[in-house]
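Following: one structure in structure tokens, then a few remarks.
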Amino acid sequence: MNTLIRNGTVVTARETRAADVLIEGERIQEVRAGIWEAGAARVIDATGMCVMPGGIDCHTHLDMPLGGTTSSDDFETGTKAAAFGGTTAIVDFAIQARGARMRDALDTWWKKAEGRASIDYGLHMIVTDLGSSGLEDMDGMVLEGVASFKLFMAYPNRLMVDDGAIFKALSQTARNGALISMHAENGSVIDVMVARALAEGKTAPVYHALTRPPRAEAEAVHRAIALAEMAGAPVYIVHVTSEEALREVREARDRGVPAFAETCPQYLLLSIEELERPNFEGAKFVLTPPLRPKEHPPKLWEGLRDDHLQVVSTDHCPFRFADQKILGKDDFTKIPSGGPGIENRLQLIYHHGVNAGKISLNRFVEITSTAPARIFGMYPKKGEIAAGSDADLVIWDPQAPYTISAKTHHMRVDYSMFEGFEVRGNARTVLSRGEVIVDGGKFLGKAGRGNYLKRTARGGAWK
Ligand SMILES: [Zn+2]
């Protein structure tokens, strides 16, 4: 069955042009002005609309166990919410348990996604323990399409690995072509600051942020990049939040080092003041790394514009306020850290980036779709509008007004970090591999139709 999207403005990372898009089955067949396909089974009129590659969110945590609870969106509710917001692929994280093989974690996460995901999904592997078989496991993961790994410099005794392990893992990717992502915060120092705060009776949510200062982030970014340089491998810094950390990335890139970095809407649009909200509501904004003082977000926007930052992901990791965030009522260290965002990324970045004149429309497509596709080994199957690419498309209404609210969102969580935000620009029709899965606010997809994305090594970070 073929589908013709007519009269729209096709927007890619490279160009903006009036063109029709012909889809044959799951793939794009042709892109040019004036396609006349009398036999098209379905014609979608996109007059006044932008036709863009579907969003790719390369940092999500669906159905993720954390400190005795689990993130509140699973692969069904999370991917459905993503689809409503114009996102057609995600890369989530499988977590290796210490002492266990990575293969076990991959099987566990495949099971979580299977039968539930309504859009395509890839998986990064979080490495917590190299043990005696870790490096070999990494090679095995690459063969399964897990072309990227994440290591933590924070959370000692839980997720953190030492510099030697990071260096070994980076060196392994120099051979197998995978990409290492780093959660860059100096966890050992942060733990001391946290213990001091608790000893002084400082238990409120805001101390979560105050015990994880920007310098702890910047120091770890610097160290991560230095380790990558010594290993001869590229490195990707997840969720950069501060000017200091950004400066480390920029300095490395200026020297020609293949360092890449992302930020998230919350770090671009919110600040530490949210954590001071009364009635424990600050807990809704307990994220790691934390929200920063107001002077940081404008620097991150500049970083996105100037390509010091390459990607906007969400770090979607929702916990309900009523019965999950509340676990930390008397101790900020017990607040499950993370927030919801998978549904609103494109709306927020379009409105506050493109409408506000901070980034171009093409740059918007690049940072929300094309760059993550390239960097994480999905390009040009994903993140592009060209013959042969998957027909993952969002037909975007640049004029549509929308108010973000927990009352109307599709994420399975009882609050929004962006409650009451009014934006202009929203997904009207969303296609995943040629199938309309969202149209005019209605979900037409099906749980389980999403495919596991086998990603290839030596992606964009290596070129
Ligand atoms: Zn994360």
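The values are calculated or read from the model by the stated rules, or taken from the named source; none is laboratory data. Given the structure is predicted, the values throughout are model-derived calculations rather than measurements. Positions of Cβ are backbone-derived with ideal geometry, glycine not excepted, and every protein chain shown enters the neighbour counts.
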Go over the candidates 166, 126, 119 one by one and state the one that is under 28 Å from residue 379 (Cβ atoms), among the aliphatic types (A, V, I, L, M) and touching a Lys or Arg at 6+ places or on another chain (Cβ under 7 Å). 126
Selection over segment 65-80 where residues are of a type outside the set (Gly, Ala, Ser) and either surrounded by 23 or more Cβ atoms within 10 Å (Cβ to Cβ) or without any contact (Cβ under 8 Å) to a residue 40 or more places away in the chain (or both) yields a count of 6
Within segment 129-139, track down each residue that is out of contact with any Lys or Arg (no Cβ under 7 Å at 6 or more places or on another chain) and assigned to a loop (DSSP other than H, G, I, E, B). 131, 132
Those residues that are under 22 Å from the mean Cα position of the chain (by Cα) and either within 16 Å of the ligand (Cβ to nearest atom) or among the hydroxyl-bearing types (Ser, Thr, Tyr) (or both), I need them from segment 168-186; list them, please. 173, 179, 180, 181, 182, 183, 184, 185
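Residues checked against (1) surrounded by fewer than 23 Cβ atoms within 10 Å (Cβ to Cβ); (2) over 30 Å from residue 322 (Cβ atoms); (3) under 24 Å from the mean Cα position of the chain (by Cα):
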position	(1), (2), (3)
16	yes, yes, no
23	no, yes, no
35	yes, yes, no
39	yes, yes, no
54	no, yes, yes
Determine whether segment 111-121 contains at least one residue that is more than 15 Å from the chain's Cα centre (by Cα), away from the ligand (no atom under 16 Å from the Cβ), without any contact (Cβ under 8 Å) to a residue 40 or more places away in the chain and over 19 Å from residue 444 (Cα atoms). yes
Going through 261, 245, 228 one at a time, which residue ends up being over 30 Å from residue 199 (Cβ atoms), within 16 Å of the ligand (Cβ to nearest atom), crowded, with 24+ Cβ neighbours inside 10 Å and touching a residue at least 40 places away in the same chain (Cβ under 8 Å)? 261
Filter segment 81-102 for residues that are assigned to a loop (DSSP other than H, G, I, E, B) and of a type in the set (D, E, K, R); which is surrounded by the fewest Cβ atoms within 10 Å (Cβ to Cβ)? 98
Go through segment 31-78 and give me each residue that's within 16 Å of the ligand (Cβ to nearest atom), of a type in the set (S, T, N, Q) and not in a loop (DSSP other than H, G, I, E, B). 60, 69, 70
Positions within segment 307-332 being touching a Phe, Trp or Tyr at 6+ places or on another chain (Cβ under 6 Å) and not basic (Lys, Arg), in sequence order: 310, 321, 332
Segment 421-437: number of residues that are outside any strand (DSSP E or B) and under 14 Å from residue 46 (Cα atoms): 0
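Scanning segment 305-326 for residues that are in contact with a helix residue (DSSP H, G or I) (Cβ under 6 Å, 6 or more places away or on another chain) and within 26 Å of residue 78 (Cβ to Cβ), which turns out farthest from the ligand (Cβ to nearest atom)? Break it down stepwise before answering.
Restricting attention to segment 305-326, the residues satisfying the condition of being in contact with a helix residue (DSSP H, G or I) (Cβ under 6 Å, 6 or more places away or on another chain) are 308-312, 314, 319, 321, 325.
Right, trim to within 26 Å of residue 78 (Cβ to Cβ) and you get 309-312, 314, 319, 321, 325.
Values: 309: 16, 310: 17, 311: 13, 312: 14, 314: 9, 319: 13, 321: 19, 325: 17 Å.
Per the stated criteria, the residue is 321.
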How many residues of segment 303-316 are farther than 13 Å from residue 240 by Cα and assigned to a strand (DSSP E or B)? The answer is 1
Take the residues in segment 268-302 that are surrounded by fewer than 24 Cβ atoms within 10 Å (Cβ to Cβ) and aromatic (Phe, Trp, Tyr), then tell me which one is farthest from the ligand (Cβ to nearest atom). 280
When you scan segment 330-418 for helices (runs of 4 or more DSSP H) that lie fully inside it, which ones turn up with 2 or more residues that are within 30 Å of residue 205 (Cα to Cα) and modelled with pLDDT of 95 or more? 345-349
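Just the residues that are within 15 Å of residue 177 (Cβ to Cβ) and crowded, with 21+ Cβ neighbours inside 10 Å, please, taken from segment 121-153. Steps first, answer last, please.
Initially, segment 121-153 is screened for residues within 15 Å of residue 177 (Cβ to Cβ), giving 124-125, 135, 138-149.
Scanning segment 121-153 gives 124, 125, 138, 141, 142, 146, 147, 148, 149.
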Has segment 150-164 got at least one residue that is out of contact with any strand residue (DSSP E or B) (no Cβ under 7 Å at 6 or more places or on another chain) and in a helix (DSSP H, G or I)? yes
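Looking at 146, 142 in this structure, which one is part of a loop (DSSP other than H, G, I, E, B) and either closer than 24 Å to residue 246 by Cα or modelled with pLDDT of 95 or more (or both)? Spell out the reasoning first.
Details: 142 fails: part of a loop (DSSP other than H, G, I, E, B).
Sole residue among the options that is part of a loop (DSSP other than H, G, I, E, B) and either closer than 24 Å to residue 246 by Cα or modelled with pLDDT of 95 or more (or both): 146.
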Criterion (more than 16 Å from the ligand (Cβ to nearest atom) and surrounded by 19 or more Cβ atoms within 10 Å (Cβ to Cβ)) met by exactly one of 381, 358, 334, 329: 381
Here are some residues: 205, 213. Which one is surrounded by 23 or more Cβ atoms within 10 Å (Cβ to Cβ) and away from the ligand (no atom under 16 Å from the Cβ)? 205
Which of the residues belonging to segment 390-426 are over 27 Å from residue 274 (Cβ atoms) and surrounded by fewer than 21 Cβ atoms within 10 Å (Cβ to Cβ)? 397, 398, 399
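Suppose we filter 309, 327, 268 for residues that are at pLDDT 95 or above and within 21 Å of residue 71 (Cα to Cα); which single one remains? Before you say what the answer is, go through the steps one by one.
Numbers: 309 fails: within 21 Å of residue 71 (Cα to Cα); 268 fails: within 21 Å of residue 71 (Cα to Cα).
Only one candidate passes the filter, namely 327.
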